[in-house]
């Protein structure tokens, strides 16, 4: 492997300082549904974000994407699947990760526990604690693209989202529902 010399100025462009990150409250189609309200911080790469205006702090994903999620108790992400593996690591509080076509399986994680959900498995997560908490979500990139592809949502979530006036367009971006 060739060694690289990276200047401090160049390295600064590869740092995401949490205090400088601006979260999106509508990064995904489910975020207008009360129990799925959450803050999404794109840290490394665009990942699978459906909000085309949510730029990552570090654009060059190089094979993976990192997102921070913050949520109030009882809130999190609805059932969805990815074309890649997704890893969840709570930073604070307790988080329940649930999976299956109806979310029939679940496990609760504590800070710094880690779970890796396989490709194509419907999964969701929620803050199971009693105060606002954060977790990290990491998704891989697809072999044919620098991102994680599009999110596949459970049909009932897409129906609920449409009732709020939001849907996912053909290009994977949020658009107004018909």
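Read-outs: derived from the displayed coordinates by stated rules, not from any lab. Keep in mind it's a predicted model, so treat the numbers as computed, not measured. Note that we place each Cβ from the backbone using ideal geometry, even for glycine, and neighbour counts take in every protein chain shown.
Observations on the structure shown:
- Judged by the mean number of other Cβ atoms found within 10 Å, the most tightly packed of the peptides 76-88, 119-131 leads the ranking 76-88, 119-131.
- Placing dummy labels 7 Å off each Cα toward the beta-carbon, the span from residue 130 to residue 111 is 1.6 nm.
- Only helices enter this figure: runs of n ≥ 4 DSSP H residues, each worth -39500 (n - 2.57), summed and divided by the residues of the chain, yield -2000 deg cm²/dmol at 222 nm to the nearest 500.
- Residue ranges 105-111, 47-53 sort as 47-53, 105-111 when ordered by packing (mean number of other C-beta atoms within 10 Å per residue, highest first).
- Virtual paramagnetic centre 7 Å along Cα→Cβ of residue 159, amide N under 18 Å, in segment 82-124: 101-104
- Each part reduced to its alpha carbon centroid, segment 95-126 and segment 128-178 end up 15 Å apart.
- Estimated FRET transfer efficiency when R0 is 22 angstrom, pair residue 7-residue 64 (beta carbons, to 0.05): 0.35
- In plain terms, the chain from residue 142 to residue 104 could stretch by 10.9 nm, reckoned as 0.36 nm per residue minus the Cα-Cα distance.
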